[in-house]
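J.: Here it is: the structure, laid out below.
Bear in mind these aren't lab numbers, they're just calculated from the coordinates by the rules spelled out. For clarity, every value in this text was computed on a predicted model and none was experimentally measured. No Cβ is skipped: glycine too gets one built from the backbone with ideal geometry, and neighbour counts run over all protein chains shown.
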Amino acid sequence: MRNNRSIISGIDWWTIGLFLVIALFGWLNIYGSSYSFDQTNIWDFSNRAGKQLVWLATAVVMGGIIMMIEEKAYDVLGYIFYGVMILLLIATPIFARDIKGSLSWLTIGPISLQPAEFAKCFTAIAIAKYMSRYGYKVRDLRDLTVPFLLMGVPMLIIMVAQRETGSALVFISFLLAFYRQGMTGYVLSWGVASILLFILVIRFGEMALLFGTGNLGILISTTVIHMIVLGLLIAKEKELHSGIIMALGVVACYGIGLLVNIWIAVNFNYIAIASLAFVAIYLLLQALKQRKSSMGWIVGFVLVSTLLCQGCDFAFHKILQPHQRIRIEVLLGMKDDPHGAGYNVNQSLIAIGSGQTTGKGFLQGTQTKLKFVPEQDTDFIFCTVGEEWGFLGSAGLLLLYLALILRIIYIAERQRDKFSMIYAYCVAGILLFHVTINIGMVLGLLPVIGIPLPFFSYGGSSLWGFTILLAIMLRLDAARVNKMQG
Amino acid sequence: MINDPNYNRRYVIAGIAVLVVLTYIIRLFILQVIDQSTQGKAETNAQLRQTIYPSRGLIYDRNGELLVANQPIYEVTMIVREMQNSAFDTLSFCEKLRITTIEFEERMQNMMNSRKNRGFSRYSPQVFMDQLRQEEVAALQQELYKYAGVDIRCRTLRDYMYPIASHVLGSVGEVNQRDLERNSYYSAGDYSGRDGIERTYEQELRGEKGVKILMRDSRGRIQGPYQEGKLDRDAVTGNDLHLGLDIQTQLLAERLMQGKVGSVVAIEPQTGEVLALVSAPNWDPRTLVGQERSKNYQALLRDAHKPLINRATQAQYAPGSTFKILQALVGLQEGVITTKTQYACNGQTSYPIKCTHDHGSPVDLEEGIEQSCNPYFWAMYKDLLQQDGYSDDNAEFKGHYQTWRDHVMSFGLGKKFEDTDISEQAKGAVPSVVLYDKLYGKRGWKAITIRSLSIGQGEILVTPLQLANQTAAIANKGYYITPHLNRNDSMKLRIHHTSIDAKHFDVVHRGMARVMTEGTGKWYNVPELQICGKTGTVQNPHGEDHALFIGFAPQDNPQIAIAVAVENAGFGSTWACPIATLLMEQYLTGEIKRNWLYDRMVNANLIDKADEE
């Protein structure tokens, strides 16, 4: 048994410092946003700020306990933790009370907990354990089947059984760790590309064409697909020749379409599909001929994105609930609805904007204090920062998060064993995802998806969950120093 | 991790994080530093600006008698979101307001329909029911706390002490879209003067709205005063208005005009203050207040007699024989006649205009006025216009016509009074040279062509207000003060001199006195009042003639000048003259002694005669 002194010396104090600064700043803002005219005692433990202080204190204690636990425990007990967690997630909806349509809360005596907030941590351990197996290497996507399953199972339970879309989407952040371990970058690019195509199809879907019939959104996104493919062919595969042939083929498709349109009205959706089919077949033949699997990926991209384009138009109008559709339409600027779907975001933008450069000062925000912003101390807490601390405060907080995430990446890179490194990347990914989605939503750049701001939003489960996540990483990192000394 | 082929991916991952944070910081910079528009939105968001409505200024008559006051009226407002989030007891709520649940649903739908209610928001108080009286909201007021989001607001409406003077007072109603666009003082639902002096003196009467700024949360719950009420402003009560109107004279005038179509205007000659102004038929101003306003207004709009037209200022008649007074004055001023000049009258056989009265010949000016002798005034008019003959292009003639016209217009005819507070006037007409050139060609008209003008017929048109003002100018011997309603000293300074010298008026006054003692007005004279008058019967091509009368009294110190017009009544002496003398009697002595005449005039119904047109 190594002594505790050496563990303390191995702790990354930068991370601890950033954690404490963010958490205390968060606590101040919770106090600010739940502050009301009737109640002014900051130490009143029955109010939100008082409760959060209790959560914070217990979280720090919990972190301390984690630091004392032998770091091997996580590696060894990883799958058991994971299994228990899955059972808990399945059990939760059975015992949970329905809170705003979500079945994710377990009430034990005076406290309510959200198991989903802890699931991220144990999934990260399980994934790290699997991917750090001796001899494991990510050569192609098949090697990632098990990590994908480890990631997908809790995601599915949370989304379907607990009806918590936001908490479920967070699991996507593990892709970042997979990517670092060798998963092809195409997966990430696909993610980005499919979001882009979705937006294009929806945004321009209802606009009229200059000639012929068809969906402008689909035509634009088809063109984008062609551009991406052409870019990949020429820049990545160095296939200038194939690229030119492909481009000529596409132009020919459209040319024929325009020509026929003189006599018969052409639905250009079919021309778009035809051009994509031509590209897919041509590239597939090239891939088989040259035995280049990377070109196969491009064919896959063409097929998947074609399906996506045709499918998301359908999905948007037929599958999505009206309120979800409106959220997206409002976000894309297609509809204006300041009192309906756009209310939260609109109020949030007003609150943030009114803070201006230096903010209105602590406890001086009228927007958040007067409860104009919904969920103001949980998902929309960033509004309070924006209003009371202004640009300097909110940009400062963003930089604190960036510093923390970069520090974690730095920590991850200095690990000598794969388990610690993968785990640290999972932590970085989770934090990055939360910060991106939460603040993007508050700033009106992303649709409203309710997930908390790490260490900042009110809520015991999320604070505990994030603290445990971070503490385990610090424990593993501290062990690295000991190993070096030992 | 040596030989890691994915070594560089750490930079990709770090780069993504940097990129996201950078994007967000730029977004924040635009939102918080560059875009200043959210500031105002935030203010209106968190502050509930409660308007405190001032009470509108009161209106008094010339003797300090209260004419128009205010009465409180209530409206029930509702914050839909708060109401829907609570266990709202619709049934008891309806009971308290005495409405059915069906009506409740209807009202809710109308209120929440943003097409009908443009400013609808679920988060701010919206008017659910308005125009309620104290007793109608009392039940709800007592248990208001039970109904989340519901509030009762008090406004004031006009309260009229007398059911008269509707055209003078005008009315107060809700501002329309145009007012809102033109004047930022108003917000939707505000009241403002729509017509009459309520509109003319809107600025003075309305006062200044006050504001109470309260902090509220997103549910509209009041959290307390904003900045300890430092920015609150009390409402400033509107200024009271004292009119020149004499309510007793006005009351009598309206009674005398009932059952008739026409108008009465009485002016105090020394001040130009309007003592009475009646347009008949009219309406009870109380019917254009509150809930019933729009319904009753629509009924007035549809009424065949067009009561909404202010005939006293907007109806235009030929002045008929009343015009002979001005003719005489112009003749004297231009030296065409003297007080002694006589003309022959051939009675019924006179040419080109016959005399309608039976009297001797020749006649002098006083008798000409007394007998309203048409041939006298035609002969004089011809002499006036033809004194230098007609040169090649009728220039001399036209010059004299222009002189005549200028004299006539100096009495305020042929144009609107610009410096007055009486709204909605008609111009009247004194035909110009240009008009006749157009009608008859440049050389196509001579004195004979326009002979009708000599006896106040033809193309000349006056409004009863112009007629009364012209009478005041005659009473004043050569000047008038623009007729006005507001009894305020600055108005008295708006003096206008006619182009007739004062010395010419005495003979005319004597003639007008003789009208009352020996002429067309003798049946209705009150000798002790020294009334000077002139009747007029205006030919009406569409039906029965219009009866006119102008007059003032007493002769040596005129206190009141009156013009009366009764449409389709026949002779001016029969209908217009008695009304005028009764009013003079009332105004100068404070009572009516000739009850037989009063009864006859009040009970006369000439409106059906008018309908036969």
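J.: Note down the magnitude of the dipole of the range A:207-330 about its Cα centre, charges +1 on Lys and Arg C-beta and -1 on Asp and Glu C-beta and zero elsewhere, to the nearest 20 debye.
T.: 300 debye
J.: So for B:E135, B:E366, A:E70, fewest C-beta neighbours within 10 Å to most, what's the order?
T.: Ranking B:E135, B:E366, A:E70 by Cβ neighbours within 10 Å, fewest first, gives B:E135, A:E70, B:E366.
J.: Residue by residue through the range B:166-171, what is 3J(HN,Hα) from phi via Karplus (6.51 cos²θ - 1.76 cosθ + 1.60, θ = phi - 60°)? Round to whole Hz and write x for glycine and proline.
T.: Result, rounded to whole Hz: 4, 6, 6, 6, x, 8.
J.: By count of other Cβ within 10 Å, fewest leading, how are A:S348, A:S461 ordered?
T.: A:S461, A:S348
J.: So for each of A:276-284, A:227-235 I average, over its residues, the number of other beta carbons within 10 Å; can you give me the resulting order with the highest mean first?
T.: A:276-284, A:227-235
J.: Around A:D143, under 12 Å between beta carbons, what's the net of Lys plus Arg minus Asp minus Glu among the other residues?
T.: Around A:D143, the charge tally is +3.
J.: Still on this model: Using unit Cβ charges (K, R positive; D, E negative) and no other charged atoms, how large, in debye to the nearest 20, is the dipole of the range B:460-605 about its Cα centre?
T.: 260 debye
J.: Going by how many other Cβ atoms sit within 10 Å of their own, how do A:L141, B:L300 line up, fewest first?
T.: A:L141, B:L300
J.: Over the whole of A:352-363, what's the average partner chain Cβ count within 10 Å per residue? Rounded to a whole number, please.
T.: 4
J.: Here's a follow-up. For helix B:293-302, report the angle its Cα long axis makes with the longest principal axis of the Cα atoms of chain B; keep it between 0 and 90° and round to the nearest 10°.
T.: That helix lies at roughly 40 degrees to the long axis.
J.: What does the charge count near B:Y74 come to, summing +1 for each Lys or Arg and -1 for each Asp or Glu among other residues with Cβ under 11 Å from its Cβ?
T.: -2
J.: Between the helical axis of A:13-34 and the dominant principal axis of chain A, each derived from Cα atoms, what acute angle in degrees is found, rounded to the nearest 10?
T.: 90 degrees
J.: In terms of the Cα gyration tensor, with a ≥ b ≥ c the square roots of its eigenvalues, is chain A rounded because a/c is under 1.5, prolate because a/b exceeds b/c, or oblate?
T.: Judged from the Cα gyration tensor, chain A comes out oblate (a/c at least 1.5, b/c at or above a/b).
J.: Of A:I234, B:T313, B:S192, which is farthest along the charge dipole of the protein assembly as shown in the positive direction, counting Lys and Arg as +1 and Asp and Glu as -1 at C-beta?
T.: Going by the charge dipole, the pick is A:I234.
J.: Using only helices, what value at 222 nm comes out for chain B when you add -39,500 (n - 2.57) per DSSP H run of length 4 or more and divide by the total residues, to the nearest 500 deg cm²/dmol?
T.: Rounded to the nearest 500, it is -10500 deg cm²/dmol.
J.: Treating only the Cβ of Lys, Arg, Asp and Glu as charged (+1, +1, -1, -1), what charge dipole size does the range B:72-153 show about its Cα centre? Round to the nearest 20 debye.
T.: Charge dipole of the range B:72-153: 380 debye, to the nearest 20.
J.: Given the rule -39500 (n - 2.57) for each run of at least 4 DSSP H residues, summed and divided by the residues of chain A, what is its mean residue ellipticity at 222 nm, to the nearest 500 deg cm²/dmol?
T.: Mean residue ellipticity, 222 nm, calculated: -23000 deg cm²/dmol.
J.: Mind ordering B:93-99, B:351-357, B:330-336 by average Cβ neighbours within 10 Å, highest first?
T.: So the peptides B:93-99, B:351-357, B:330-336, ranked by packing, come out B:330-336, B:93-99, B:351-357.
J.: Run the simple label-point estimate for B:E208 and B:C154 please: 7 Å along Cα→C-beta, distance reported in nm.
T.: Those two pseudo-labels are separated by 2.3 nm.
J.: Further question: Give the long-range amide H neighbours of B:V462: residues separated by 5 or more places, or on another chain, with amide H under 5 Å away, using H modelled in the peptide plane at 1.01 Å from N.
T.: For B:V462, the qualifying residues are B:Y317, B:A318, B:A429.
J.: Compute the angle between helix A:418-442 and the longest alpha-carbon principal axis of chain A, please, reported from 0 to 90 degrees and rounded to the nearest 10.
T.: With both axes taken from Cα atoms, the answer is about 80 degrees.
J.: Classify chain B from the C-alpha gyration tensor, please: rounded if a/c falls under 1.5, else prolate or oblate depending on whether a/b exceeds b/c.
T.: The shape class here is prolate.
J.: Pick out, from A:F433, A:I408, A:L349, the residue whose Cα sits farthest towards the positive end of the charge dipole of chain A, with +1 on the Cβ of Lys and Arg and -1 on the Cβ of Asp and Glu.
T.: Result: A:I408, furthest along the dipole toward the positive end.
J.: Using a basic spin-label model with each label point 7 Å from the Cα along Cα→Cβ, how many nm lie between B:I102 and B:S184?
T.: In this crude label model, B:I102 to B:S184 measures out at 4.8 nm.
J.: Taking the Cβ of A:W27 as the centre, find all other residues whose Cβ is under 12 Å away and add up their charges (Lys, Arg: +1; Asp, Glu: -1).
T.: After counting each charged neighbour, the total is +1.
J.: According to the square roots a ≥ b ≥ c of the eigenvalues of the Cα gyration tensor, what is the shape class of the range A:207-330, taking rounded for a/c under 1.5, prolate for a/b larger than b/c otherwise, and oblate for the remainder?
T.: The shape class here is oblate.
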